Amino acid sequence: MLTFEIKNRMRLRNWWKGYEERREAGAAEMEWPTAPEHVKAYLRNENVPYRLIPHREAFTSPEVAASIHVSGRKVAKVVMVWADDRYVMAVLPSHRPLDLARFAEVLGAFRVSLAPEAVLDKLFPDCEVGAMPPFGHLYQFQVYVDESLTREPEIFFQPGTHREVIAIRYEDFKRLVRPETARFTSEPMKRADGF
């Protein structure tokens, strides 16, 4: 697993090659940039308009949606899945659960399981654990988006921190990431009145 971690860090370093040419040659030695810095710079470089929304610290997708006063169907959550011999990224609306059996069919995989939290730190070394951005292609992961999220004109996601959300048009996200689209979530549970 250590070899995997080293290779993943190398991919990140190669992607960010020169950290914007050492921040326009202004600093002798700079700290490795965080995921939010990566994501914002990536969106600027791709000329994608975005909104940065600071909020109180939130660790679950429903908490994130509530903290920014947005429906859970517009907040994209990232779930990392081990599928046979590789990790893949599932991006789905925060109010829907991932159906692992259905996702296995989509992938054509025999065995699937959720990535343990301890592995997320190694897969996304520049992110706070559990706040990965849905840009799996930047980390060399194939990205799958649930079709229910594609109906939203604008999506909200964590850019690597539990204290900020970025909002972009879904069409811009689709153009940048080029995800596979399929149906792999279950309907959200309905709450009974009076409870």
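I need the calculated FRET efficiency for the pair Glu46 and Glu147, taking r as the beta carbon distance and R₀ as 35 Å, to the nearest 0.05.
Efficiency for this residue pair is about 0.90.
Can you work out ³J(HN,Hα) from phi for every residue in the stretch 77-84, in order, using Karplus 6.51 cos²θ - 1.76 cosθ + 1.60 and θ = phi - 60°, giving whole Hz and x for Gly and Pro?
10, 10, 10, 8, 10, 8, 10, 6
Give me Leu114, Leu100 sorted ascending by neighbouring Cβ count inside 10 Å, so fewest comes first.
Leu114, Leu100
Quick check: pseudo-label points 7 Å beyond the Cα along Cα→Cβ at His55 and Arg111, how many nm apart are they?
3.7
Per 5 Å bin from zero, what fraction in whole % of the C-alpha pairs of the stretch 91-183 is there, up to the bin with the longest pair?
3, 12, 21, 26, 23, 13, 3, 0
What are the radius of gyration and Dmax of the stretch 27-163, computed over its Cα atoms and given in Å?
When restricted to Cα atoms, the stretch 27-163 yields Rg and Dmax of 15.2, 51 Å.
Throughout, read-outs are computed from the coordinates displayed, never taken from laboratory work. This is a predicted model, so every value here is computed, not measured. Reconstructed Cβ throughout: ideal geometry from the backbone, glycine too, with neighbour counts over all protein chains shown.
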